[in-house]
Amino acid sequence: MQILRWVFKLLLVSAVFQTHSASQAEPVICSSQDRAALLGFKSSISKDTTGILSSWIGRDCCNGDWEGVQCNQATGRVTNLVLQSSIREPDLYMKGTLSPSLGNLRFLEVLVITGMRYITGSIPDGFTNLTHLTQLVLEDNSLGGNVPSSLGRLPLLRTLSLAGNRFAGPVPASLGNLRSLVLMNLARNSLSGPIPPTFKSFLNLQSLDLSFNLLSGPIPDFIGQFRNLTYLDLSSNKLSGPLPVSIYALGKLQDLSLGHNELSGSLSDRISNLKSLTSLHLSGNNFGGHIPASISTLHNLWSLNVSRNQFSDPLPAVSGRDFPSLLSIDFSYNNLNLGTIPNWIRDKSLSDVNLAGCKLRGALPKLTRPHALMSLDLSDNFLTGDLSAFLANMTSLQKLKLSKNQLKFDLSKLKLPEGISSIDLSSNQVSGSLSSLLNNQTSSFLEEIDVTNNQVSGSIPDTTEGLNLRILNIGSNRIGGQIPSSISNLVELERLDISRNHITGGIPPGLGQLMKLHWLDLSINSLTGRIPDSLLNIKSLKHASFRANRLCGGIPQGRPFNIFPAAAYLHNLCLCGKPLPPCRKAMK
């Protein structure tokens, strides 16, 4: 993605420079036709929380006061319209449609309207009049319908990005007429059908992103003709068949993402021809055979993800000089029977190691350079041993996943690395209490705890303010005592699962202060009393279960509690009210 942004910025800076340096003549008032076209767009926007359009006042749209508008100072014609917001700032958006009047900006070279979220409707047919356009970027809005075939009649277009909208239907074959394209991004839509054969004309293409659509059929063989291509992302589609041999001719390719398709066949030894490759993501396909040994000669490769395929033993034999740049590997869930972690993986200074479901056995391995690790996933194996010694020198570790192993140790004696944010020890044989994970020394970095399905005992510890815990899954253990009232301090909590334990006492009303909670499971315990009405404050709740406790009294009558399925409340002493039968007057 960094490469895509770099290409776009380079083109944008180039266009702006050309516009400003076109003439040193005295500035003139903007064209009345262009001003009317801009005001037509403004009138089609019913709500603008970005505040951009509030600057569009006065007669001169070229004096620099109209935000996002740039003109040729010699002619007074609008050349650039750049309106940008960020989807990370949900309160800033525009609501409305793209006015056909934008097609009257006949001298427009750059049109960028991104991150507005609520601009709907289609791309007006009048955009075909924008024959000077070199960049058309309409990312992260809510535009829909088909991608207009008329866009293929913009002869100078070098950048086309319609990513993050609601376009559907086939990709128009007419886009193949855009022979000057350097960057195309149609990602995150609902486009279907094959990649058009007319795309073979994109001989200048440097970046192609069609990810997160519904595209089907094979990866076309002509892809190998894009000799300038540095970025290719076709992930999360329905593409099938083997990789075309021509893809190995892309000597400038740096990022290749083909994950989550239906691709099959094997990888060729010719993969070593991809000399510039830095990132290779093939996860979630049906590739089989062996991972070719020649892949280890890719000296620039830092990220290798071939997880969830059908690759089989053995892994490539790797020498000390191979994979010199490698930082991240993911071989999870293939047909690998590793037994132990290969020496080259244990000896390399890797930041991310993912070997889930690789049939690892025996004690937790000793890593030669544990201080480099930031993320480690060894889940779904047959590992045993003491976790504390294993973590001793992992000073940079942030994410740890060891679920579905045979680990057997006392949790209360565990010492975690200071900066860890996520720990998953679910489905092991862990005993002891939660005291080492939740105490007054718990780091504010810790966001996720999952110890579900173990033999953890004791009670739920008190929690202090300032914690950023988002997930607390402690279900299916032997935890007793009451839910502490201090749980209300976990204001960032999104998921709380304490089901299948021995929890007693009432549900603390302070639970209603957890405003970000999406998932709440208190089922199969020994809770008593009422379900507090304060829980109605949690507007974001999507799932809740109070099943199989000793609760009594009226269910809080408000959404979502009165529309959850009845199963969420069954097998209690005397709960009543929607969705259960009405309460008797004495129980309300």
Once you charge only the Cβ atoms, +1 for Lys and Arg and -1 for Asp and Glu, what is the size of the charge dipole of the stretch 177-258 about its Cα centre, to the nearest 20 debye?
140 debye
Calculate the length of the line joining the C-alpha centroid of the stretch 417-434 to that of the stretch 464-523, in whole Å.
17 Å
Measuring from centroid to centroid over Cα atoms, what is the spacing of the stretch 224-255 and the stretch 262-328 in Å?
14 Å
Show that you can apply the helix-only estimate: for the chain, add -39,500 (n - 2.57) for every DSSP H stretch of four or more residues, divide by all residues, and state [θ] at 222 nm to the nearest 500.
-2000 deg cm²/dmol
Projected label distance in nm at Asn63 and Arg166, using a 7 Å step from Cα toward the beta-carbon:
4.0 nm
Quick calc, Asp347 & His502: beta-carbon distance into FRET formula, R0 41 Å, rounding 0.05, result 0.35
Check the straight Cα-Cα distances from Lys413 and name the aspartates and glutamates below 15 Å, setting aside those fewer than 8 residues away within the same chain.
Asp386
Rounding to the nearest 20 debye, state how big the charge dipole of the stretch 385-485 is about its Cα centre with +1 on each Lys and Arg Cβ and -1 on each Asp and Glu Cβ.
300 debye
Report the calculated FRET efficiency for Ser266 and Lys359 (r = Cβ-Cβ distance, R0 = 22 Å), to the nearest 0.05.
0.55
Under 18 Å from the Cα of Lys200, which lysines turn up, not counting those fewer than eight places away in the same chain?
Lys252
Under a point spin-label approximation (7 Å from Cα along Cα-to-Cβ), what is the Asp125-Thr384 distance to one decimal in nm?
7.5 nm
I want the local charge near Ser283. Using Cβ-Cβ distances under 14 Å, sum +1 for each Lys or Arg and -1 for each Asp or Glu among the other residues.
-4
Calculated from backbone phi, Karplus (6.51, -1.76, 1.60) coupling profile of the stretch 327-339 in Hz, x at Gly/Pro
10, 9, 10, 9, 10, 4, 6, 10, 9, 9, 10, 6, x
At 0.36 nm per residue, and after removing the present C-alpha to C-alpha distance, how many nm does the segment from Lys516 to Gln557 gain when stretched out fully?
12.8 nm
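Counting only protein heavy atoms and using a 1.4 Å probe, what share of the accessible area of the chain belongs to carbon plus sulfur, as a whole percent? Don't skip to the end; give the middle numbers.
Values: 12790 of 25210 Å².
For the chain, the apolar C and S fraction of the accessible surface comes to 51 percent.
Could you tell me the calculated FRET efficiency between Ser412 and Leu203, based on Cβ-Cβ distance and R0 = 56 angstrom, to the nearest 0.05? Write out the running numbers ahead of the final one.
Values: r = 64 Å, r/R0 = 1.15.
FRET efficiency, Ser412 to Leu203: 0.30.
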Leaving ligands, DNA and RNA out of it, work out the accessible area of Met515 with a 1.4 Å probe and give it in Å² to the nearest 10.
100 Å²
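My understanding is that a pair violates if its Cα-Cα distance is over 19 Å; which of Lys42/Lys95; Lys542/Lys578; Lys359/Lys415; Lys47/Lys542; Lys366/Lys408; Lys366/Lys401 do that in this structure? Walk me through the intermediate numbers first.
Working: Lys42/Lys95 11 Å; Lys542/Lys578 17 Å; Lys359/Lys415 27 Å; Lys47/Lys542 29 Å; Lys366/Lys408 17 Å; Lys366/Lys401 16 Å.
Where the Cα-Cα span goes over 19 Å, the pairs concerned are Lys359/Lys415; Lys47/Lys542.
Per 0.36 nm of contour for each residue apart, how much would the distance between Lys95 and Asn146 grow if the chain were fully extended, relative to their Cα-Cα spacing? Each step should come with its number before you reach the end.
Working: separation 51, 0.36 × 51 = 18.36 nm, distance 2.02 nm.
Difference between extended and current length: 16.3 nm.
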Using per-residue counts of other Cβ atoms within 10 Å, averaged over each peptide, order 193-206, 397-410, 47-60 from highest down.
397-410, 193-206, 47-60
Using a cut-off of 17 Å between alpha-carbon atoms, which aspartates and glutamates can reach Lys399, once sequence neighbours fewer than 8 places away in the same chain are excluded?
Asp330, Asp352, Asp377, Asp380, Glu418, Asp424, Glu447, Glu448, Asp450
Take the alpha carbon atoms of the stretch 331-391, find their center, do the same for the stretch 86-105, and report the distance between the two centers in whole angstrom.
48 Å
With +1 at each Lys and Arg Cβ and -1 at each Asp and Glu Cβ, the charge dipole magnitude of the chain around its Cα centre, to the nearest 20 debye, comes out at 1060 debye
Say each of Thr528 and Thr368 gets a label point 7 Å from the Cα, pointing the same way as Cα to Cβ; how far apart are those two points in nm?
6.1 nm
If you take the charge dipole of the stretch 450-495 about its Cα centre, with +1 on Lys and Arg Cβ and -1 on Asp and Glu Cβ, which of Ser476, Asn489, Thr463 is farthest toward its positive end?
Ser476
Compare Arg584, Arg530, Arg346 by solvent-accessible area with a 1.4 Å probe and give them largest first, with all protein chains kept in place.
Arg584, Arg530, Arg346
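May I ask you to rank Phe222, Phe546 by accessible area, largest first, using a 1.4 Å probe over the protein chains only?
Numbers: Phe222 25, Phe546 0 Å².
So, going from the largest accessible area down, we get Phe222, Phe546.
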Backbone HN-Hα couplings from phi across the stretch 132-145 [Karplus 6.51/-1.76/1.60, Hz, Gly and Pro as x]
8, 5, 9, 9, 10, 10, 10, 7, 6, 10, 10, 5, x, x
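For the chain, what Kirkwood radius comes out of the mean inverse Cα-Cα distance, in Å?
On the way: mean 1/r = 0.0359 Å⁻¹.
One decimal place: 27.9 Å for the Kirkwood radius.
The values are calculated or read from the model by the stated rules, or taken from the named source; none is laboratory data. In this text the structure is predicted, and so the values were computed from the model without any measurement. Quick reminder, even Gly has a Cβ in these numbers, built from the backbone with ideal geometry, and neighbours come from all protein chains shown. Areas reflect the complete protein model, heavy atoms only, side chains present, ligands, DNA and RNA absent. Shrake-Rupley method; radii C 1.70, N 1.55, O 1.52, S 1.80 Å.
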